[in-house]
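Shown next, in structure tokens, is the structure this report addresses.
Just so it is clear, none of the values below were taken in a lab; they were calculated from the coordinates. As the structure is a prediction and not an experimental result, all values here were calculated from the model. FYI the Cβ positions are ideal-geometry reconstructions off the backbone, even for glycines, and counts take in every protein chain you see.
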Amino acid sequence: MLRYISRRLLLTIPLLVGISLVSFLMMHMAPGGPIGAGTDLNPKATAESRARLKAYYGLDRPLHVQYGRWLGRMATLDFGDSFSPDGRPVVEKIRERIPITLTINVLSMGLIFLVAIPVGVYSAVRKGSLFDRISTVAVFTGFAIPTFWLALLMMILFGVKLGWLPISGISSLDHESLGTLGKIADRGRHLVLPVLLAGFGGLAGMSRYTRSNMLEVIRQDYVATARAKGLPERTVVFRHAMRNALLPVITILGLSVPDLLGGSVIFETIFAIPGMGQLFYQGVMSRDYPLIMGILTIGAFLTLLGNLLADVGYALADPRIRQG
Amino acid sequence: MSGSPGIGRDFARRLLRNRLAAAGGAVILFFFLVSALPGLFASHDPNRIDIVNILRPPSAAHPLGTDDLGRDVLARMVHGARVSLKVGFVAVGIATVLGLLVGLLSGFYGGWADAVLMRFVDMMLCFPTFFLILSVIAFLEPSIWNIMAVIGLTGWMGVARLVRAETLSLKERDFVAAARAQGAGDARIIFRHVLPNTLAPILVAATLGVAGAILTESALSFLGIGVQPPTPSWGNILTTGKDNIEYAWWLSVFPGLAILVTVLGYNLLGEGIRDAADPRLKGR
Amino acid sequence: MHVLPKHLLEQYSDISKSPLNKKPVGTGPYRFIEWKTGEKVVFDASPDYFEGKPYIARVITRVIPDQATMFLELKTGGVDIMTLTPPQYVRQTETADFRKSFNKYKYTASGYTYLGFRLSHPWFREKRVRQAIAHAADKKALIDGVLLGLGQEATGPYKPGTWAHNPNVRKYPHDPERARALLAEAGWKEKGKDGILKKDGQRFEFTVLTNAGNEARAKTAAILQQNLAEVGIAMKIRTVEWAAFINEFIDKRKFDAVILGWNITPDPDQFDIWHSSKTGPKELNHVGFANTDVDRLLDEGRGTFDLEKRKKAYFRIQEILAEEQPYVFLFVPEALPVVHHRFRGIVPAPAGITYNFVKWYVPEALRKHQVQP
């Protein structure tokens, strides 16, 4: 097991190098080069100040030297300063936004886990029933629906028409004056819609996957054996079948990281949530290249982490690897 | 195995018997018709501005209402269908061709080519796709061609893996050995023997890929970095819908519905093809 | 220029990098308390303000990235004051319910939108072509379509109602016939099969640039496109993101025409925009306007404090600009703030409503949020 994990970790290294290469190439693809937009926006930027910036960023050195510097800076998460008027270091801006994005994504993963799995299991166990058919329809609709559209509809329904839930931000104006419990409740209410919608796509996929996995497992011999032994149906389902069907779940959750991150761009923008996704969107709209590259790279790191977790989960599930 | 007529007929029969897949196919055909013959479905000019009739609800004159410049929503959606389908197909075309090439080469030749290519695939998969697409479009400019290219260039990895897996298993089959014995060169084997047998999974991937591409394009257009107005796209009509959401429900409902139905159609068809092509599922 | 706190800044060699950028200290009526990036900035009333401590104890500026969400927040009480878009003003705020809880205001904004021509362009060099386009543009349709009627036609670069504004310059009413006649005079007589004018084998087609993400400008462009198609001109629209727009196109003068706007400053001196010395790259006379009379008048206007003399100079400038049409001046919008009804003391004036913010208050019975002492 340990050997498997360490081998996996070693494989990550060339991936990290690859990530740095791709991002380096992308940065130099930008019109005006890596510093173009920052200085040209400012009418006071003279030719000398631009030359100074060029030297500072080392853009006058040969490409491989620049790449070396980029590699070093990426390792220390130094993505330079943002082009936006506040000019703060990119990594600082990301750092203050990441917690909320991670919170929402972790919560939605939890939601997926809690809802999709029972649905998938029940659909498999009661294959062909009304429940199964309805949930299949719901799943297919879930795959096809544009989530930003759903977000708008939910906002109108729950936010405006019914007034049950707040529709933007993560806390109310008077958040500070609430007691601890009040603060938690306030945050909670603000997060309901974003978490729901962030998890929506994953819900469909996960329940479908669980269902087909369960179906596979149910057909297996050991399940038939358990039944033949006279064990009650419930024990058969829960103890034997489900445990084996569930093991790949961690894998799926780990692999869903990139999709959740991508989705966060849309939700955070629609719901005005100050997370990394919204920051990314604003960076894209204002062509804030250092910020864009920083978030892209961090996104890649998180994906890598998710993949690692997925593989570890898979290793835990597969006894052949566990022993080895 | 390739070229055997019985398999093809079997496949078609299974596919058509699958009612959901047939429904999906019908939807797709419908939208094809709509984009090929816009005049049949919409009588107005999609770009005709009519200040007097701004934001009118659905009526006889304008079955789907008008937008914030008085343009006929039905006409814009009909032309938007064209855009969505075009983007979907070209993007998936690019992704499929690229994925095929990489997968075939990787699976067939193995060795260091396989190692390098698959590491490259892993590397590309490290980036959250949507982030990657947004970044590249930020560096270039939002135009239909750029969007098609970017969606295609970020979506080939799945196909590559699929094709590689198929190639690996096919490579060992008897008919390949037989072809070699007959003196066939690599290229001939790949294109005449291996490729046709990978068609089924590729078709599935491509069909599902079009669905995904349409969703991506509409998300990009909705956010303002996709198809730029005044060119209509279902996604950018939804942007207007969002801005006028309280008193112009038709701008939000119809384009979203259209996207939903189209994507559903492709998904159902794709699943249907998968079920029909998978011999293990016979008699299910 | 603002007054800066020397005692706090003198220790920093580069004040643009001092911590005061995130925690400013100034002489205004409110004191900075906190800034949560991307979320809000909080200010508390300063007891030391020279006009007296403001009645409203705390002001929170919230960051909400789009108008629609902002409006929903207004209605659910998360926001007390915001600027409405024309559709919101006209369609969404007319219910009795809304009017019970909010007060709407309307005053002429200090800015205008225009269609600017690159004057070195071979076709736009011709005054008659520019004037033809001015006649082709349906300004009323623009105001009705883009602003929902909440605005007025712009005839020059000054705000109607101010002392420097000359109401008697040459106007360009919507007149496609006149436009076609002028174009014909300028040599554009042939019409191609697609209805577009031709001269020397070339179609009259050009691209107008405007910045992306601005709905009003996008709509303006779409309407103008239709107006010009009517007289045989094919105008293509290209929206470019702001930074690239300024950097790659405006500053480098790489455009045929642009749709942009200017803020109108209180002082009528517009030297930087119209003087021929300001046409270098990155300078503000991006269309390349050069007129010796205007140059002289601009110098005159700057060179004296005598209001009458200045007025004469600026009036004459507006006459020339109206004649020459380096821009087609399109419209001056109305500013549309809305405030929750519990705030009293608001006195609308041409300068707006927030000029006397320190005098606004909330009667005790209506107070919603209390600042803990």
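Shielding by partners for peptide C:236-247, expressed as the average number of C-beta atoms from other protein chains within 10 Å of each residue's C-beta, is 6.
Counting only complete DSSP H runs, which helices of chain B cover 24 Å or more along their long axis at the Cα atoms and score a mean Kyte-Doolittle of -1.0 or above? Could you put the intermediate results ahead of the total?
Numbers: long enough: B:19-36 (25 Å, 1.98); B:73-109 (52 Å, 1.55); B:195-223 (40 Å, 1.48); B:249-277 (42 Å, 1.03).
Length and hydropathy pass: B:19-36, B:73-109, B:195-223, B:249-277.
Straight Cα distances below 18 angstrom link C:Lys22 to the lysines A:Lys93, C:Lys6, C:Lys36, C:Lys40, with same-chain residues fewer than 8 positions distant left out. For peptide A:278-286, the mean count of partner chain Cβ atoms within 10 Å of a residue's Cβ comes to 5. In terms of the mean number of neighbouring beta-carbon atoms within 10 Å, the peptides B:243-249, C:248-254 order highest first as B:243-249, C:248-254. For the stretch B:53-167, the fraction of C-alpha pairs more than 17 angstrom apart is 65%.
Output the relative contact order of the stretch C:112-333, whole-number percent, from Cα pairs under 8 angstrom with separation of 6+ residues.
Details: 384 pairs, mean separation 76.6, N = 222.
Relative contact order, the stretch C:112-333: 34 percent.
When Rg and the Kirkwood Rh are both derived from Cα coordinates, the Rg/Rh ratio for the stretch B:212-284 amounts to 1.21.
Determine how many Å³ per residue the convex hull of the Cα atoms of chain C encloses. Walk me through the numbers before you get to the answer.
Working: hull volume 68.2 nm³, N = 373.
It comes to 183 Å³ per residue, whole-number rounded.
State the extension gain, in nm to one decimal, for the chain segment bounded by C:Thr207 and C:Asn21, taking 0.36 nm per residue of separation less the distance between their alpha-carbons.
62.9 nm
Taking the Cα centre of the stretch C:127-177 as reference, the dipole from Cβ charges on Lys and Arg (+1) and Asp and Glu (-1) amounts to some 300 debye.
Name the shape class, rounded, prolate or oblate, that the alpha-carbon gyration tensor gives for the stretch C:245-373, where a ≥ b ≥ c are the square roots of its eigenvalues, rounded holds for a/c under 1.5, and otherwise prolate holds if a/b is larger than b/c and oblate otherwise. List each step's numbers first, then the result.
Details: a/c = 3.05, a/b = 1.96, b/c = 1.55.
Prolate is the answer for the stretch C:245-373, as a/c is 1.5 or above and a/b outweighs b/c.
From its DSSP helices (H runs of at least four residues, each -39,500 (n - 2.57)), chain C gives a residue-normalised ellipticity at 222 nm of -7500 deg cm²/dmol.
Mind pulling the per residue volume of the convex hull built on the Cα atoms of the protein assembly as shown? Å³ is fine. Intermediate results must be reported in sequence, preceding the final value.
Details: hull volume 228.4 nm³, N = 981.
Per residue, the Cα convex hull of the protein assembly as shown comes to 233 Å³.
Only alpha carbons enter this Debye calculation for the stretch A:250-289, each as an equal point scatterer, and the log10 of I(q)/I(0) it gives at q = 0.19, 0.29 Å⁻¹ is -0.56, -0.88. Using r as the Cβ-Cβ distance of C:Ser13 and A:Gln282, and R0 as 25 Å, what FRET efficiency do you calculate, to the nearest 0.05? Using R0 = 25 Å, I get an efficiency of 0.20.
Roughly how many debye, to the nearest 20, is the charge dipole of the protein assembly as shown about its Cα centre, given +1 on each Lys and Arg Cβ, -1 on each Asp and Glu Cβ, and no other charges? Don't jump to the answer; show the numbers that get you there.
Working: 111 positive and 83 negative charges, 474 e Å.
Computed charge dipole of the protein assembly as shown: roughly 2280 debye.
The base-10 log of I(q)/I(0) for chain B, evaluated at q = 0.10, 0.13, 0.16 Å⁻¹, reads -0.63, -0.94, -1.21 [Debye formula, identical scatterers on Cα atoms, solvent excluded]. Of the peptides C:307-314, A:144-151, the order by per-residue mean of other Cβ atoms within 10 Å, starting with the highest, comes out as A:144-151, C:307-314. Summing Cβ point charges (Lys, Arg +1; Asp, Glu -1) relative to the Cα centre of the stretch C:112-333 gives a dipole of roughly 420 debye.
What is the angle, in °, between the Cα long axis of helix C:176-185 and the longest principal axis of the Cα atoms in chain C? Nearest 10 is fine, range 0 to 90. Approximately 50 degrees, to the nearest ten.
Run the Debye formula on the Cα coordinates of the stretch C:213-286, all scatterers equal and no solvent, and tell me log10 I(q)/I(0) at q = 0.24 1/Å. Normalising to I(0) and taking log10 leaves -1.14. The long axis of helix C:292-302 is offset from the longest Cα principal axis of chain C by roughly 20 degrees. If I fit a long axis through the Cα atoms of helix C:307-324 and take the longest principal axis of the Cα atoms of chain C, what angle between them do I get, 0 to 90°, rounded to 10? Around 50 degrees separate the two axes.
Please average, across the residues of B:60-70, the number of beta carbons from any other chain that are within 10 Å of each residue's own beta carbon, and give a whole number. Intermediate values should be presented prior to the final figure.
Numbers: counts 0, 0, 0, 0, 0, 0, 0, 0, 7, 8, 3.
Other-chain Cβ atoms within 10 Å of each residue's Cβ, averaged: 2.
Peptide packing: for C:274-282, A:135-143, C:322-330, the average count of neighbouring Cβ atoms within 10 Å per residue gives the ranking C:322-330, A:135-143, C:274-282, highest mean first.
Spacing of the modelled spin labels on B:Arg48 and C:His341, each 7 Å from Cα toward Cβ, amounts to 4.4 nm.
Starting from the Cα gyration tensor of the stretch C:112-333, multiply each eigenvalue by 5, take the square root, and state the resulting semi-axes largest first in whole Å. Intermediate results must be reported in sequence, preceding the final value.
Details: eigenvalues 157, 70, 68 Å².
Semi-axes (√(5λ), whole Å): 28, 19, 18.
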